[in-house]
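Student: After the structure tokens below, expect a handful of questions from me.
Every read-out reported here was derived from the displayed coordinates using simple, explicitly stated rules and does not represent laboratory data. On a predicted model such as this, the values are computed, not experimentally measured, just so you know. For neighbour counting, all protein chains shown are included, and Cβ atoms are generated from backbone atoms with ideal geometry for every residue, glycine included.
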Amino acid sequence: MISDHAGRKAYYDRIARQSDKLHYRNRFYYQTITRLFTRIIPPNSVVLEIGCGTGDLLSAVKPAKGYGVDFSSEMIEIASEKYPDFSFQCSDAAEFQIQEPVDYIIISDLLSTLWDIQSVLHNLREQVSANTKVIISSHSYHWEPILRVAEIMGLKPRRPKASWLTIQDIKNLLELENFELIKAERKLLIPVYIPLLHTLLNRFIGNLPLFNKFGLVNMISARPVINTRQDYSVSIIIPARNEKGNIEQAIIRTPNFGKTQEFIFIEGHSVDGTYEEMQRVQETYPDKKIVLMRQTGKGKGNAVRESFNRATGDILMILDADLTTPPEDMPKFYEALATNKGEFINGCRLVYPMEKQAMQFLNFTANLFFGIFFSFLLGQKVKDTLCGTKVLFKKDYLKIEANRGYFGNFDPFGDFDLLFGAAKLNL
């Protein structure tokens, strides 16, 4: 807790007109911070930045609507001049009011200088919506002596006294105000530009276990804990190729859940009469909303994307037609979203004993490796990357679809496309 409120305000008012010069002098660091935030926040979101300074980071994430808050009147004056399309207010972070629901809240290099961190988070918690994500960057406590030396040597501007927080400290403060951690990463092993070496250290070595503990920047994503339950309409997508024997079972064995329920069978160039069986089942169960599609492209990924575009439900669920994930379990996935336990649910076949044909040994071994690799890559635990059952809100899928170009359309199966997309959105 830093109590010299007036002194800190005077400091930031004093350096406001030098802000562009200071950012240019340390441009590699600020360019990296910008890249980290733009990687997380999709363009055209509604974004609020607390401690916005002169508004450069807020502008960089390309919001549809941008709001900035800072307690320095000089900073706000400059920000308003530079970015007149955004709305800025001079206010204490523990007292301002959000003008409308926002998608993302940026708190960059601010927490350690706040007079009362918990009061700021409490103010946020009182105003955020269920869909708001809070994205925080802060300096790692490992770097405290290095940064102090840099200040003494004039390589870095002196700043007011700071509280050095670990990721666990920040997690604890978030939990006190009913936020939950989504993901925490450590980035930027060296904060200066050294040709070739900075890429090797920051992009590769700095992301490896052990080395990543020494990154300068802690990047933390959080969301509010919502304890209410809400019902949604559901679209169950069933891609099928040569699965004639399982079509009717998928209908019979799936329990009723959700406000409304639709089944979308999409057939992928079968030779065993699968589509004809779909037609028979559709006629046999007129009380069920059953939609039939024939895939125009190839591969499961294409089938899923075509079905998702046709689906009308609030929640999209993939149920593989081989039924290795039992249809009886689909309500469990639904409840996880309906009770706000998650926003992207990936099935797992590696917990309970599997049926003999559920996963051959080589597939099992490869999938185990993929799980370890992708857990490290995505920063979230993923045990069964190739389990076909994936569940998410359609509104989030539309964001994944809009940002598909970030990773490229490389995945014929659709699993990694959704996993990478969900991770980028911090679901």
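Student: Once the other residues with Cβ under 14 Å from the Cβ of Ser73 are scored (Lys, Arg +1; Asp, Glu -1), what is the net sum? If you can, show how the numbers build up before the last one.
Tutor: Numbers: positive: Arg8, Lys9, Arg14, Arg17; negative: Asp13, Asp70, Glu74, Glu77, Glu81, Asp92.
Taking every Cβ under 14 Å from that of Ser73, the sum is -2.
Student: What ranking do 38-48, 75-85 get when scored by the average of other Cβ atoms within 10 Å per residue, highest first?
Tutor: 38-48, 75-85
Student: What value does region 1-120 have for Rg/Rh, both radii from Cα atoms and Rh as Kirkwood defines it?
Tutor: 0.94
Student: Now for a different question. Of the listed values [x] 45, 28, 23; [y] 47, 23, 18; [z] 34, 27, 22, grab the one calculated as semi-axes √(5λ) of the Cα gyration tensor in Å from the structure here.
Tutor: Computed from the coordinates, semi-axes √(5λ) of the Cα gyration tensor in Å corresponds to [y].
Student: Here is a further query. Among DSSP bridges having both ends in the chain, what percentage is antiparallel? Round to the nearest 5.
Tutor: Values: 20 of 55 bridges.
Of those bridges, close to 35 percent are antiparallel.
Student: Something else about it: In region 5-224, what % of DSSP beta bridges are antiparallel (nearest 5)?
Tutor: Values: 14 of 32 bridges.
For region 5-224, the DSSP antiparallel bridge percentage is about 45.
Student: Taking only C-alpha pairs under 8 Å that are 6+ residues apart, what is the relative contact order of region 192-281 in percent? Walk me through the intermediate numbers first.
Tutor: Working: 73 pairs, mean separation 25.7, N = 90.
That works out to 29 percent.
Student: Listed here are the pairs Lys187/Lys399; Lys62/Lys289; Lys171/Lys259; Lys213/Lys300; Lys213/Lys395; which of them are more than 31 Å apart at the Cα?
Tutor: With Cα atoms farther than 31 Å apart: Lys62/Lys289; Lys171/Lys259; Lys213/Lys300; Lys213/Lys395.
Student: Now a separate question. For Thr228 paired with Leu181, estimate the spin-label separation in nm (one decimal), with each label point 7 Å from Cα along the Cα-to-Cβ line.
Tutor: Placing both labels 7 Å beyond Cα along the Cβ direction yields 2.8 nm.
Student: Given axes a ≥ b ≥ c from the Cα gyration tensor, I'd like to know whether region 201-288 is rounded (a/c under 1.5), prolate (a/b larger than b/c) or oblate. Kindly include the intermediate steps, with their values, before the conclusion.
Tutor: Details: a/c = 5.17, a/b = 1.96, b/c = 2.63.
Note, shape of region 201-288 comes out oblate.
Student: Let a ≥ b ≥ c be the square roots of the eigenvalues of the Cα gyration tensor of region 5-224; is it rounded (a/c under 1.5), or, if not, prolate (a/b larger than b/c) or oblate?
Tutor: Values: a/c = 1.40, a/b = 1.19, b/c = 1.18.
Taking the square roots of the gyration eigenvalues as a ≥ b ≥ c, region 5-224 is rounded.
Student: Continuing with this model, one more query. For region 392-397, take each phi angle, set θ = phi - 60°, evaluate the Karplus expression 6.51 cos²θ - 1.76 cosθ + 1.60, and give the result in whole Hz per residue in order, putting x for glycine and proline.
Tutor: 7, 6, 4, 4, 6, 4
Student: Between Gln18 and Arg39, what is the FRET efficiency for a Förster distance of 30 Å, r being their Cβ-Cβ separation, to the nearest 0.05?
Tutor: Values: r = 28 Å, r/R0 = 0.94.
Step by step, r from the Cβ atoms, then E = 0.60.
Student: Taking R0 as 56 Å, what FRET efficiency do you get between Glu144 and Arg404 from their Cβ-Cβ distance, rounded to the nearest 0.05? Mind showing how you got there, number by number?
Tutor: Working: r = 41 Å, r/R0 = 0.72.
After rounding, the FRET efficiency stands at 0.85.
Student: Just to be sure I understand the model, the point goes 7 Å from the Cα along the line to the Cβ. What's the resulting Asn309 to Thr260 distance in nm?
Tutor: 2.2
Student: Springs between alpha-carbon pairs under 10 angstrom, Gaussian network model over the chain: which of Phe211, Phe308, Phe393 fluctuates most?
Tutor: Phe211
Student: Describe numerically, in nm with one decimal, the distance between label points set 7 Å from Cα along Cα→Cβ at Lys82 and at Leu208.
Tutor: Roughly 3.7 nm, to one decimal.
Student: Further question: Quick check on packing: order 109-117, 323-331 by the mean number of other C-beta atoms within 10 Å, highest mean leading. It would help to have the intermediate numbers written out before the result.
Tutor: Details: 109-117: 20.3, 323-331: 17.1.
By packing density, highest mean first, the sequence is 109-117, 323-331.
Student: While we're looking at this one, here's another question. Between Lys187, Lys298, Lys244, which gets the highest mean-square fluctuation from a Gaussian network model of the chain, Cα cutoff 10 Å?
Tutor: Lys298
Student: What's the ranking of 101-108, 191-198 by average number of surrounding C-beta atoms within 10 Å, highest first? Walk me through the numbers before you get to the answer.
Tutor: Numbers: 101-108: 21.5, 191-198: 12.8.
The densest-packed peptide leads the list: 101-108, 191-198.
Student: Could you give the length gained on full extension between Gln99 and Asn131, defined as 0.36 nm per residue of separation minus the Cα-Cα distance, in nm?
Tutor: Numbers: separation 32, 0.36 × 32 = 11.52 nm, distance 1.58 nm.
Using 0.36 nm per residue and subtracting the Cα-Cα distance, I get 9.9 nm.
Student: First check a/c for region 125-194, with a ≥ b ≥ c the square roots of the eigenvalues of its C-alpha gyration tensor; if it is under 1.5, answer rounded, and if not, answer prolate when a/b is larger than b/c or oblate otherwise.
Tutor: Verdict is prolate for region 125-194.
Student: Under a GNM of the chain (C-alpha, springs under 10 Å), which listed residue has the highest mean-square fluctuation: Gln97, Gln127, Gln230?
Tutor: Gln230
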